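Derivation of every value follows stated rules applied to the coordinates shown; laboratory data play no part. Here the structure is a predicted model, which means the values were calculated and not measured. A quick note on method: Cβ atoms are made from the backbone with ideal geometry, for glycine too, and the neighbour counts reach across all protein chains shown.
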Amino acid sequence: MKEKKIKKVKQATNVKVRALIEERKKRAKKKQESKRLKISDIKHGEGAQVNHLLSRIKAKESQLTFIFVTILFFVILTSLYFVFSSVREPIRYSTIKIGNFEVTFNDREENLGNIVNLTPLIPMSVEEGEKTESYKLKIVNTSARKQSFQLKLMNDVAMIQEDGCSDIQLPGQYIYYQIDAYSPQLLDGSKRSPIFYTGTLESGEIRFIEVRIWVSENLPKEYMNYHYHGKISVKTIETTNS
């Protein structure tokens, strides 16, 4: 009987021990799972931060790329502007030496600044003529003494020969000229190369002159198909020392 009781006690003890062991195993398993979950969460959080950082870097790179491309585009446009400007806008004046004078003509579109081409003829009133584009001259006395000069309107022989219009050149009496803001005058039709301005400059003196030239509104109809090809010429007048 005693042995049976001992055996039963042992069996009961073994059952309790096994229950305790199972309970401990369950608790250990739960702790391990809990630890794994926390590590996973940490890894997930770190991944999210890394992705956010990468997104910010990419956004910054996009901004820097846009700024760089914009600056490069601006530099290219500016360079092209100066290149085309240098090609399409050459020096718009011609300077020549005439005796003791240095004469500069401002060029007009495709023509040199001293070329007067009124072809085709467009008669206009004095008021209209005074609003036309002027021929601009700069005259400098480069000598050590006073010098005088004249402005003449001469035939542009080369252009007349090129056009073959020597027989239909408009007479000077139908051509108006204006010097600066002075009253317009008709050319002296009796002269082949009429003088329309005379001036005197001291040593080193500079004078700017504007000349307007147009066809009179009183032009007879029989001259409508005529041409006029001329050029402004500067002539030195010999002067005595004073």
Exercise. Write out the trypsin sites (Lys or Arg not before Pro) in region 101-179 meeting two conditions: DSSP loop, and at most 16 other Cβ atoms within 10 Å of their Cβ.
Key: 131, 145, 146
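Stretched out fully, how many nm does the piece from residue 221 to residue 173 gain, at 0.36 nm a residue minus the Cα gap?
The span from residue 221 to residue 173 would gain 15.8 nm if fully extended.
Full extension from residue 136 to residue 122: what is 0.36 nm times the residue separation minus their Cα-Cα distance, to one decimal in nm?
2.9 nm
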Self-check item: Projected label distance in nm at residue 29 and residue 155, using a 7 Å step from Cα toward the beta-carbon
Solution: 12.5
Exercise. Using a cut-off of under 16 Å, list every residue of region 214-240 whose amide N is near the label point 7 Å from the Cα of residue 186 along the Cα-to-beta-carbon line.
Key: 214-224
Self-check item: HN-Hα J in Hz across region 58-75 - Karplus 6.51, -1.76, 1.60, θ = phi - 60°, x for Gly and Pro
Solution: 4, 4, 5, 4, 4, 4, 5, 4, 4, 5, 5, 5, 4, 5, 4, 4, 5, 5
Quiz item: Name the residues of region 55-72 whose amide N is less than 20 Å from a point 7 angstrom out from the Cα of residue 80 along the C-beta direction?
Solution: 66-72
Quiz item: Where a ≥ b ≥ c are the square roots of the eigenvalues of the C-alpha gyration tensor, would you call region 153-242 rounded, which needs a/c under 1.5, or, failing that, prolate if a/b is larger than b/c, or oblate?
Solution: prolate
Quiz item: When only DSSP loop residues count, what chymotrypsin sites (Phe, Trp or Tyr not before Pro) in region 182-242 have their Cβ near at most 15 other Cβ atoms within 10 Å?
Solution: 182
Practice problem: Assuming R0 = 35 Å, can you tell me the calculated FRET efficiency for the pair residue 102 and residue 71, based on Cβ-Cβ distance, to the nearest 0.05? | Solution: 0.20
Exercise. Obtain the nm distance between the two label points defined at residue 198 and residue 57 by a simple spin-label model: each point lies 7 Å from its Cα along the Cα-to-C-beta direction.
Key: 8.9
